[in-house]
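Notes to accompany the following structure.
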Amino acid sequence: MNHLKAFLDIMRADAALIHRPENMRWLSGYTGEGCLFISGKDRVILTDFRYLEQARIQAPDWALTQVSGDAKYPVLAAKLAQSANAKRIWVETDFLTYDAHQALAAAMAGAALEGMGDAVEKLREVKDEAELDSIRRAAAIASDAFVNVLPRIHAGMTERQVQRMLEFEMLELGSEGTAFDTIAAAGPNGALPHARPSDRAVQSGELLTLDFGATVNGYRSDVTRTVGFGRVSDALRDIYETVREAQQMGLDAVAAGKGGADVDRVARNFIDARYPGSFGHSLGHGVGLFIHENPRLSATSTDVLVPGNVVTVEPGIYVPGLGGCRIEDTVIVTGEGCVNTISAPKQLIEL
């Protein structure tokens, strides 16, 4: 996919300023600081001295405008807009701060700044083959890292120790960095869907939820596995098996043409019938250059899946005082269903 051409085809303004880092990268290949100025004839990266050479290497077809103390972003952007005779300029009003927007508006007297909404993000929802390949590689790294650390984690380790071990293993396998802040939540901490790893030691008989991901070429993977230490109770085992079955039902429901709310409902109804009120977050979300993108699999989603979407399927059950369980895969939507990029085992493992 020619990302820039796709954007120009839907741009309903004379020019656009792109500040969101993921969108700058998607449109130009440039990963440094600054912003992009795009018009019918202009492809310009505005940045400072620190990133000039990086921009030349990553985006050789783009012109460069150097920002400095005396030549700041709003002034230089205004000059580019004037040169392009741009009277209507798209900006990312959901990303710019109020002060940054005000500075641009003041510099561009005579031109109208208009919010572009999620124009670029909508284009990013459908991944091309190069993007999918990066996501597959990131998924393989995360899956292999989980398998590799299983023999080395044990009761008595702290959540932070497990977190660090898993993150280091992903780096060793080629990840550019973590896809997001790794979650390691054991015992009662597992009842917090986004618990932060602590110095609490994992105890025998508990479940440990690990939510983690790798990054390749900026693209993320997202996977969650829950493991037991020693023999877990029948109550925890039933929670685990309920989540595992619900997750498979969600995976089976994913396909092009399906609504995000419809897919969510399949897994949610199954869990709610057994553990009412214990599954309070959405079933899944899009994944790409940013870890939480559209389309969404949620009770309120109006998204309809199409081939090339990449989404997570991650039901969970959370019981305060007892613990929790979540199982998550990152899948590629196809016309017939989905392709699971995660190979990590999902049966209940008791270490």
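Inside the range 116-151, can you point out the residues that are under 17 Å from the mean Cα position of the chain (by Cα), assigned to a helix (DSSP H, G or I) and of a type in the set (Val, Ile, Thr)? Val120, Ile135, Ile141 - these are the residues of the range 116-151 that are under 17 Å from the mean Cα position of the chain (by Cα), assigned to a helix (DSSP H, G or I) and of a type in the set (Val, Ile, Thr).
Please determine whether any residue of the range 5-21 is touching a strand residue (DSSP E or B) at 6+ places or on another chain (Cβ under 7 Å), farther than 14 Å from Trp90 by Cα and of a type in the set (A, V, I, L, M, F, W, C). No, because not a single residue in the range 5-21 is touching a strand residue (DSSP E or B) at 6+ places or on another chain (Cβ under 7 Å), farther than 14 Å from Trp90 by Cα and of a type in the set (A, V, I, L, M, F, W, C).
Remark: pairs (first residue in the range 171-199, on the phi > 0 side of the Ramachandran plot; second residue among the β-branched types (Val, Ile, Thr) and buried (at least 20 other Cβ atoms within 10 Å of the Cβ); Cβ separation under 7 Å; 6+ apart in sequence or on different chains) = Gly174/Ile141; Gly177/Thr215.
Among residues of the range 155-174 being over 28 Å from Ser134 (Cα atoms) and of a type in the set (A, V, I, L, M, F, W, C), the one that is surrounded by the most Cβ atoms within 10 Å (Cβ to Cβ) is Met157. Here is a list of conditions, (1) modelled with pLDDT of 95 or more; (2) within 26 Å of Leu132 (Cβ to Cβ), and Asn2 meets all of them except one; can you say which number that is? It fails just one condition, (1). None of Leu305, Leu289 is in contact (Cβ under 8 Å) with a residue 24 or more places away in the chain and within 16 Å of Arg136 (Cβ to Cβ) except Leu289.
The numbered conditions (1) at negative phi; (2) crowded, with 16+ Cβ neighbours inside 10 Å; (3) out of contact with any Gly (no Cβ under 7 Å at 6 or more places or on another chain) are all true for Asp234 except (2). In the set (1) closer than 21 Å to Pro188 by Cβ; (2) within 18 Å of the chain's Cα centre (by Cα), Ser301 fails one condition alone, (1).
With respect to (1) in a helix (DSSP H, G or I); (2) within 22 Å of the chain's Cα centre (by Cα); (3) crowded, with 20+ Cβ neighbours inside 10 Å, the lone exception for Ile239 is condition (2). Note on the range 2-110: enclosed strands (runs of 3 or more DSSP E) holding 3 or more residues that are surrounded by 13 or more Cβ atoms within 10 Å (Cβ to Cβ), more than 26 Å from the chain's Cα centre (by Cα) and not basic (Lys, Arg) are 63-66.
On inspection, Gly177 qualifies as surrounded by fewer than 24 Cβ atoms within 10 Å (Cβ to Cβ) and within 19 Å of Glu293 (Cβ to Cβ). Glu206 - would you say it is closer than 23 Å to Gln347 by Cα, of a type in the set (D, E, K, R) and touching a Leu at 6+ places or on another chain (Cβ under 9 Å)? Yes. Cβ-Cβ contacts under 7 Å between residues 6 or more apart (or on different chains), taken from a first residue in the range 274-286 that is among the charged types (D, E, K, R) to a second residue that is surrounded by 14 or more Cβ atoms within 10 Å (Cβ to Cβ), are listed as Arg274/Thr242.
The values are calculated or read from the model by the stated rules, or taken from the named source; none is laboratory data. As the structure is a computational prediction, the values presented were derived from the model and not from experiment. Neighbour counts run over all protein chains shown; Cβ positions are idealised from the backbone, glycine included.
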